[in-house]
């Protein structure tokens with residue numbers, strides 16, 4: 001008998017092949033893997049999403065994403081989850097949002113993937129002792145920051161579609177920074193480093209409707225755009241692959257401890273080295289001096305951007321294929337679902 005899995009996205013971001021956020025990309029990959037394996041996949045996500053399985057779309061908030069918008073979205077998610085649980089015999093509910101505690105079902109067996117730094121979540125939400133609620137992160141470095149009392153299953157490392165990212169394009173001189181446009185991503189530091197390196201910079205990503213994000217773009221990014229620093233907005237998969245492959249390097253100047261980095265994995269799969277601050281899980285993804293450079297300052301980042309052209313694209317691709325396969329990730333999620341549905345989560349926890 002196949003499983004029926006209800007994957008629930010963060011309420012304010014769409015999922016699908018062109019999703020911007022890492023959590024949304026992971027959910028998209030899990031949904032496709034469930035369908036391919038013959039299971040029933042049901043997804044709850046905002047309008048504008050796409051799914052391989054059955055999609056339950058909820059109204060998408062437009063414009064300013066303030067507290068009131070979040071509360072409206074949480075209420076819609078609670079109603080949708082409740083209706084789905086009444087309609088289908090759900091084996092596992094899988095939540096992906098940082099705000100999962102706001103629409104956590106009361107009794108259904110539930111898995112929560114913690115995609116973000118653990119200190120961004122309420123401690124109470126991480127330390128719940130509910131018997132059929134299981135939480136896990138996406139890297140060992142993230143788990144090391146868990147608060148006392150947190151009960152976590154072993155991490156499930158992220159992966160990317162290395163086959164889809166295998167297309168070749170001629171290398172060009174520009175550096176690329178890609179991701180959400182917000183203060184903690186440190187994109188202004190990438191601009192500083194690219195200027196010091198004398199290298200053109202392309203910024204790709206989305207400015208979500210949070211006041212802090214919009215102010216950051218308006219005050220710290222927009223005034224510095226010009227001929228040698230371009231903003232191209234969010235990229236769908238085809239454009240993203242083209243930009244990633246053509247760049248001399250991808251720059252990750254994040255000020256937060258990255259729990260993983262799909263951007264880094266995608267860059268390596270495209271044969272492009274990564275220059276990043278040595279924070280969070282990035283030292284476990286980048287092989288310093290071989291598939292990129294780990295740095296501690298803007299000056300070091302500038303030097304690494306200048307040196308990145310000497311690194312071998314084939315080495316980057318080979319490491320991505322060996323270490324960051326999306327199939328490895330989705331197979332682990334499917335094994336976890338089966339273990340939880342059988343009540344065998346302790347065995348999964350021992351195996352890690």
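The values are calculated or read from the model by the stated rules, or taken from the named source; none is laboratory data. Keep in mind it's a predicted model, so treat the numbers as computed, not measured. Every residue, glycine among them, receives a Cβ derived from its backbone with ideal geometry; neighbour counts consider all protein chains shown.
The table that follows gives values for the structure above.
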{"quantity": "Residue list for the range 275-306, restricted to those being farther than 24 Å from residue 144 by Cα and part of a helix (DSSP H, G or I)", "calculated": "298, 299, 300, 301, 302, 303, 304, 305, 306"}
{"quantity": "Condition check for residue 340: in contact with a strand residue (DSSP E or B) (Cβ under 6 Å, 6 or more places away or on another chain) and outside the structural domain of residue 235 (by TED's automatic domain parsing)", "calculated": "yes"}
{"quantity": "Lone qualifier among 279, 327, 317, 323 - being closer than 27 Å to residue 156 by Cα and exposed (fewer than 15 other Cβ atoms within 10 Å of the Cβ)", "calculated": "327"}
{"quantity": "Answer from 271, 309 - the residue that is over 19 Å from the mean Cα position of the chain (by Cα), in a helix (DSSP H, G or I), outside the structural domain of residue 133 (by TED's automatic domain parsing) and touching a residue at least 12 places away in the same chain (Cβ under 8 Å)", "calculated": "309"}
{"quantity": "Tally of residues being surrounded by fewer than 17 Cβ atoms within 10 Å (Cβ to Cβ) and closer than 20 Å to residue 93 by Cβ across the range 125-153", "calculated": "7"}
{"quantity": "Residue check, residue 244 out of contact with any helix residue (DSSP H, G or I) (no Cβ under 7 Å at 6 or more places or on another chain) and part of a helix (DSSP H, G or I)", "calculated": "no"}
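Residue by residue, here is whether (1) touching a strand residue (DSSP E or B) at 6+ places or on another chain (Cβ under 9 Å); (2) modelled with pLDDT of 95 or more; (3) assigned to a helix (DSSP H, G or I) holds:
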residue: 26; (1), (2), (3): yes, yes, yes
residue: 35; (1), (2), (3): yes, yes, yes
residue: 38; (1), (2), (3): no, yes, no
residue: 61; (1), (2), (3): yes, no, no
residue: 68; (1), (2), (3): no, no, yes
residue: 76; (1), (2), (3): yes, yes, yes
